[in-house]
Amino acid sequence: MKASVKNKWIMLSLTMVCYLFFYTGRHNFGWAVSGMAADLKISFSFIGWISFAMLIGYAFGQLVNGNLADRFSPRLMVITGAYLSIATNVAISFSSNAYVILFLWGINGYFQSLAWAPGGKIINNWWNKAERGKAFGFYTMSAGLSSVVTFLLSILLLQQGYEWRMLFRLPVLLLLITATIFIIFIKDKPVDEIILGAEKQKQSSTTWTQRYAKILGNKNFLMICVAFGFESMARYGLIFWVPIHYLGSNWKQQSQNIWITFFLPIGMAFGALCFGWLSDTVFKGKRTKAILIGMLISSLLAFSMYFVSKEHFVLSAILMLSAGFFVYGPQACFWPLSPDLLGSELTGTGIGFMNMFGYLFAALGEPLIGKLIDSYGSTHPIFIIVSLACLMSATTIFFASKRIYKNN
């Protein structure tokens with residue numbers, strides 16, 4: 001007996017609502033940095049290494065948690081990650097040592113990684129192959145909206161005069177509530193597993209080492225992973241450093257400027273929703289072309305932002321909205337390339353492997369941006385790095401696309 005329409009939508013909604021608040025324990029860091037750096041006398045170079053630690057922890061988690069979700073209960077993995085991330089955030093709020101914060105933020109990266117792949121596993125279990133793309137589109141959108149929620153809460157708390165420590169205590173309370181609701185009502189899979197029976201039989205015949213060996217032997221997919229890595233470097237360059245750019249040292253005198261940053265996650269959420277549809281309709285399933293166009297436009301937008309003063313509210317808001325749309329939107333086209341190039345048997349492992357590349361590249365970019373800010377005494381170089389990362393992603397996807405369609 002297949003999962004009922006009602007039940008599969010309930011499971012998708014529960015997973016989306018839970019993930020909607022996961023970033024309150026991750027994307028809050030950029031908003032706390034200015035106060036933290038001033039209070040604890042931490043350089044932006046070291047701040048970059050703290051962010052690096054989190055992203056490396058997340059990258060490692062992405063590499064292993066897809067396989068773990070196949071062996072253990074994904075609902076328990078999600079809830080474990082949520083509760084441990086909340087505890088780590090609260091611990092950071094009471095810390096005054098930069099190295100303790102670096103360690104805690106690094107393990108928080110791993111705890112946060114316990115949600116995405118296992119959440120995807122739950123969705124995969126409840127939705128059949130014909131509807132899975134739609135379900136994952138909504139799931140990706142919830143990640144984009146999670147940034148919207150985190151940015152909004154952080155801005156409101158700062159405008160109310162709360163210190164940086166409260167950014168690690170208050171927003172994650174919402175994750176505590178939604179994660180608890182999630183664990184009470186979510187089910188790993190339907191009672192009857194007919195929907196995925198055939199696929200599971202195929203997966204059981206391949207060991208995890210064989211799956212990784214097949215991925216490493218697929219040069220086209222590895223090129224896609226590199227392109228995704230540069231895209232993620234650009235995405236996190238914006239998510240983490242843009243709040244620092246608009247906060248500055250005198251943001252309280254021009255507090256409306258920080259609302260410019262709110263347009264970034266809004267653009268990301270809409271981009272995630274639109275790009276998947278565009279790749280299926282306008283680009284007729286040629287996802288690499290949609291990614292190429294998105295990355296080229298992103299590069300131009302980021303380069304333009306280098307020359308725009310923070311005081312130009314309307315222009316900055318338009319550029320921020322557009323950058324969010326075109327930087328994050330292509331992610332909706334990257335994920336389906338895993339089954340497209342590897343087959344359904346390797347979908348989970350492929351997505352985890354690709355996401356590992358993304359966070360590894362993002363981690364490498366953080367100390368570089370922090371060093372440039374310290375060296376130049378300005379946050380504007382952020383946008384040059386983002387622009388170059390987008391250009392490198394576009395270049396890589398261009399050559400990958402030529403190889404893919406030549407072979408086909």
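The values are calculated or read from the model by the stated rules, or taken from the named source; none is laboratory data. For clarity, every value in this text was computed on a predicted model and none was experimentally measured. Methodologically, a virtual Cβ is constructed for each residue, glycine included, from the backbone with ideal geometry; neighbour enumeration extends over all protein chains shown.
Inspection of the stretch 293-308 identifies at least one residue that is in a helix (DSSP H, G or I), aromatic (Phe, Trp, Tyr) and more than 29 Å from residue 215 (Cα to Cα). In the stretch 301-315, which residues are buried (at least 16 other Cβ atoms within 10 Å of the Cβ) and either outside the structural domain of residue 389 (by TED's automatic domain parsing) or modelled with pLDDT of 90 or more (or both)? Within the stretch 301-315, 301, 302, 303, 305 qualify.
Taking every residue in the stretch 8-34 that is surrounded by 21 or more Cβ atoms within 10 Å (Cβ to Cβ) and pairing it with any residue that is modelled with pLDDT of 95 or more and hydroxyl-bearing (Ser, Thr, Tyr), at least 6 positions away or on another chain, the pairs with Cβ-Cβ distances below 6 Å are 18/178; 21/178; 25/85.
On the basis of being modelled with pLDDT under 90, in a helix (DSSP H, G or I) and of a type in the set (Gly, Ala, Ser), does residue 66 make the cut?
Here the answer is yes, as residue 66 does meet what is asked.
Taken over the stretch 101-122, the criterion of being surrounded by fewer than 22 Cβ atoms within 10 Å (Cβ to Cβ) and of a type in the set (Lys, Arg) is satisfied by no residue.
I'd like to know if the stretch 374-384 contains one or more residues that are under 29 Å from residue 61 (Cα atoms) and not hydroxyl-bearing (Ser, Thr, Tyr). The answer is yes; a qualifying residue exists.
Among the residues of the stretch 102-127, those identified as at pLDDT 95 or above and either within 22 Å of residue 21 (Cβ to Cβ) or touching a Gly at 6+ places or on another chain (Cβ under 6 Å) (or both) are 104, 105, 106, 107, 108, 109, 110, 111, 112.
The condition (being buried (at least 19 other Cβ atoms within 10 Å of the Cβ) and either at pLDDT below 90 or assigned by TED's automatic domain parsing to the domain that holds residue 49 (or both)) is satisfied by just one residue among 98, 130, 143: 143.
Restricting the search to helices (runs of 4 or more DSSP H) fully inside the stretch 319-408 and requiring at least 2 residues that are under 14 Å from the mean Cα position of the chain (by Cα), over 22 Å from residue 48 (Cα atoms) and free of Cβ contacts under 8 Å to residues at least 24 places away in the same chain gives an empty result. Across the stretch 336-392, the qualifying residues are those that are over 30 Å from residue 206 (Cα atoms) and of a type in the set (Phe, Trp, Tyr), and the one among them that is modelled with the highest pLDDT is 383. When residue 162 is tested against (1) at pLDDT 90 or above; (2) within 27 Å of residue 276 (Cα to Cα); (3) not in a helix (DSSP H, G or I), just one condition goes unmet, and that condition is (2).
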